[in-house]
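The values are calculated or read from the model by the stated rules, or taken from the named source; none is laboratory data. Just so you know, these numbers come straight off a predicted model, no measurement behind them. Every residue, glycine as well, gets a Cβ built from its backbone with ideal geometry; the counts of neighbours run over all protein chains shown.
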Amino acid sequence: MINKNSAKILIVDDDPNQIQVVISHLQHFDYELFIAKNSADTCKVLANQHIDLVLLDINLPDGNGIDLCREIRSNHEFNDNLSIVFMTSHHSNEQEAKGLSIGANDYIYKPVNADVLAARINVQLQQLRKTKLLSHYANVDALTELGNRRAFDNQLQLELKRGEREGVPVSLLTLDIDFFKAYNDNYGHPQGDTCLRDVAAAIKSECRRPSDFAFRVGGEEFSIILYNTPASGALLFADKLRVALIDKAIPHEYSEVSNLVTMSVGISDTLSGSYNIVELIASADDMLYKAKQSGRNNAMSNDWFAAI
Ligand SMILES: Nc1nc2c(ncn2[C@@H]2O[C@H](COP(=O)(O)OP(=O)(O)OP(=O)(O)O)[C@@H](O)[C@H]2O)c(=O)[nH]1
């Protein structure tokens with residue numbers, strides 16, 4: 001969630017006087033301001049900072065604002081949600097309509113009035129806050145605060161593309177709590193929910209790298225994506241995770257494999273399988289089935305060498 005006062009605003013203009021005017025209009029607000037004088041510098045700032053709003057001049061020394069706006073909208077490495085507000089001294093209905101149609105959020109004409117600038121920025125930042133909130137609720141599982149199925153699908157697609165491009169392995173782990181129906185039936189649904197939260201906490205504590213991603217993808221089913229990790233590494237990870245869950249010592253007297261809550265894990269990786277999302281998920285599901293068949297409370301991988 002962005003705090004209005006900590007919003008990052010990038011001013012793009014080649015005229016130092018104009019930059020000064022905007023800075024003086026915004027100095028009473030606690031915004032973090034960045035400056036770029038051309039298209040190339042703008043892209044550099046956007047690649048390195050999570051900018052919330054760009055105030056964009058139309059005429060730039062190395063191109064024009066319309067082309068730059070188009071480029072910003074098509075580059076997925078930049079903040080998808082950032083607002084783009086054109087600032088120009090040339091009144092043109094045609095240009096304004098074009099700017100808005102290619103992804104600008106607003107248009108302001110120079111000379112810029114301080115109150116109008118502040119109000120327009122405020123509208124954009126409010127909108128941004130709402131968008132971020134919606135995106136949070138659309139992608140996060142309310143019970144465990146892990147990513148949900150939609151977030152999982154998106155992230156796996158992204159990591160598989162990245163892995164294929166960079167030539168590194170990606171592992172997928174599908175996790176399922178053992179005898180969870182018996183747990184629910186005997187301890188009750190609210191206690192079942194608490195158990196799911198505890199399992200999620202164990203998962204979060206083991207996902208230590210920025211490239212480890214955890215999700216709750218169904219009722220008592222979780223998925224973990226490990227970027228740049230082959231199945232051998234994923235197996236070690238799964239074993240540590242199973243131990244972390246056992247260390248939580250959640251009693252389960254109705255389980256047939258332990259008196260504590262345990263999980264089974266299916267693992268597939270792109271080295272033994274492929275970068276195809278459907279195949280990778282199906283293979284991890286297969287391995288989970290095998291892990292359940294072979295006694296539960298264990299992990300099975302599609303890489304037979306990793307298991308030796
Ligand atoms: N408390 C709670 N239970 C849920 C939730 N979603 C699914 N479940 C329960 O999870 C249980 C899943 O049971 P099964 O799929 O039969 O699997 P299992 O009993 O764990 O058996 P194995 O996986 O073979 O070890 C069912 O009882 C569901 O009602 C939830 O959000 N909260």
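What to note about this one:
- Residues being over 17 Å from Thr88 (Cβ atoms), hydrophobic (A, V, I, L, M, F, W, C) and surrounded by 18 or more Cβ atoms within 10 Å (Cβ to Cβ) - total across segment 27-44: 1
- Qualifying residues in segment 252-283 (those that are more than 11 Å from the ligand (Cβ to nearest atom), of a type in the set (Val, Ile, Thr) and outside any helix (DSSP H, G or I)) - the one surrounded by the most Cβ atoms within 10 Å (Cβ to Cβ): Ile267
- Wholly enclosed helices (runs of 4 or more DSSP H) of segment 149-221 bearing at least 1 residues over 21 Å from the mean Cα position of the chain (by Cα): 180-187, 189-206
- Whichever residue in segment 107-143 is of a type in the set (S, T, N, Q) and closer than 30 Å to His189 by Cα and, among such residues, is modelled with the lowest pLDDT: Ser135
- Considering segment 1-105, the qualifying strands (runs of 3 or more DSSP E), each wholly inside and each with 2 or more residues that are of a type outside the set (A, V, I, L, M, F, W, C), run over 83-88.
- For segment 188-214, the tally of residues that are within 16 Å of the ligand (Cβ to nearest atom) and in contact (Cβ under 8 Å) with a residue 60 or more places away in the chain stands at 3.
- Against the list (1) in contact with a strand residue (DSSP E or B) (Cβ under 6 Å, 6 or more places away or on another chain); (2) at pLDDT below 90, the condition Asn81 fails is (1).
- Verdict on Tyr227 being within 14 Å of the ligand (Cβ to nearest atom) and in the same structural domain as Gly188 (by TED's automatic domain parsing): no
- Qualifying residue in segment 131-139 (condition: assigned to a loop (DSSP other than H, G, I, E, B) and either under 21 Å from Ala299 (Cβ atoms) or away from the ligand (no atom under 16 Å from the Cβ) (or both)): no
- Test: residue in segment 71-83 that is over 30 Å from Ala214 (Cβ atoms) and either among the hydrophobic types (A, V, I, L, M, F, W, C) or outside the structural domain of Ile19 (by TED's automatic domain parsing) (or both): yes
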